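To keep things clear, I will list the structure first and then write my remarks on it.
No value in this document is a laboratory result; all are computed from the given coordinates. Being a predicted model, the structure only gives us computed values, none of them experimental. Glycine gets a Cβ as well: all are built from the backbone with ideal geometry, and neighbour counts include every protein chain shown.
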Amino acid sequence: TTLDNWERSDKYHNSFLLLPDAALEAAAKRNDEQGLPDVAVSPAQGKFLNLLAQSIGAKKILEVGTLGGYSSIWMAKALPHDGTLVTLEISEKHAQVAKESIAAAGLANKISVILGPAIDSLHTLYPNPEPFDLVFIDADKQSNTAYFVEAKRLVRKGGIIIVDNAVQYGRVADPNCSDERAEGVGDLLRALKDDEDVEATTIGTAGEKGYDGFLQCETEVKVLVIRY
Ligand code: SAM
């Protein structure tokens, strides 16, 4: 089937490009053993987030939607020794599993898991003294726009906001599809169309997690023109 083909392709590429990593494999196993839903990013997507964080020299990362900490660990591995990652999760069970995997990965000193509705937790965060460099939005999709507004408030100029599940097997673009997960992306796309501070693009991804996509937004670096 198509999914088997995408999965084989992902695994083939990963066999050249991704090294085995005991902490990440243990986190994926713990998610599974604890019965968490199979909705973590794929290894290739995790590595993409890791490389992105490295390429912008991220020191502060924010994640909305922790699940079992799999993507948190991928991103935190890109942080310098004094870097930090804050991740927001509504489910006590998911947060607990995440804390265990994060501790086992030796990253408890870098990653804080904040339990509660993400929108409330976001309101307690401030861009001062240091704004965030990278925000990964991956929670309840109907709240994408609300999270994006908060992410923009918290991220530095030139910082990056990634929104997962932007394609959803093409459902987001399907006029006959009106479920709230798809609508949550549509609302955000409409907001981005009118947003002059942000440049964005969607990159579709097909792999072991099916056909989906990352929406990548870059907050514009405003150039101040000084006239004499
Ligand atoms: N980023 C994770 C990864 O790749 O390993 C996957 C996150 S999973 C797709 C979405 C998570 O968002 C779930 O754990 C869910 O409990 C959480 N979530 C859903 N609604 C939320 C809300 N209102 N506030 C915070 N977290 C929420």
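Miscellaneous remarks
- Among GLY46, ASN128, ALA139 the positive-end extreme of the charge dipole of segment 40-141 (Cβ point charges): GLY46
- In Hz, Karplus ³J(HN,Hα) per residue of segment 178-188 (6.51, -1.76, 1.60; θ = phi - 60°; x = Gly, Pro): 10, 6, 6, 5, 5, 4, x, 7, x, 4, 5
- Total charge dipole magnitude, the chain, about the Cα centre, Cβ charges on Lys, Arg, Asp, Glu only, Debye to nearest 20: 680
- Each of the peptides 173-180, 32-39, 85-92, 153-160 was scored by the mean count of other Cβ atoms within 10 Å over its residues; in descending order, highest first, they stand as 85-92, 153-160, 32-39, 173-180.
- Only one residue of VAL172, LEU67, GLY184 has its Cα farthest out toward the positive end of the dipole of segment 37-196, where Lys and Arg carry +1 and Asp and Glu -1 on Cβ, and that residue is LEU67.
- Between segment 1-57 and segment 95-150, the alpha-carbon center distance in angstrom: 20
- Relative contact order (%) - segment 2-219, alpha-carbon pairs under 8 angstrom, separation at least six: 20
- Unit Cα scatterers, Debye sum, segment 2-219: log10 I(q)/I(0) for q = 0.09, 0.16, 0.17 Å⁻¹: -0.33, -1.13, -1.29
- Most positive-pole-ward Cα, LEU24, SER55, GLN96, against dipole of the chain from beta carbon charges: SER55
- Approximate spin-label separation LEU17-ASP32, in nm, with each point projected 7 Å along Cα-to-Cβ: 2.2
- In terms of packing, defined here as the mean over residues of other Cβ atoms within 10 angstrom, the peptides 114-124, 66-76, 12-22, 93-103 line up highest first as 66-76, 93-103, 114-124, 12-22.
- With a simple spin-label model that places each label point 7 Å from the Cα along the Cα-to-Cβ direction, the separation between TYR126 and ASP194 comes to 3.0 nm.
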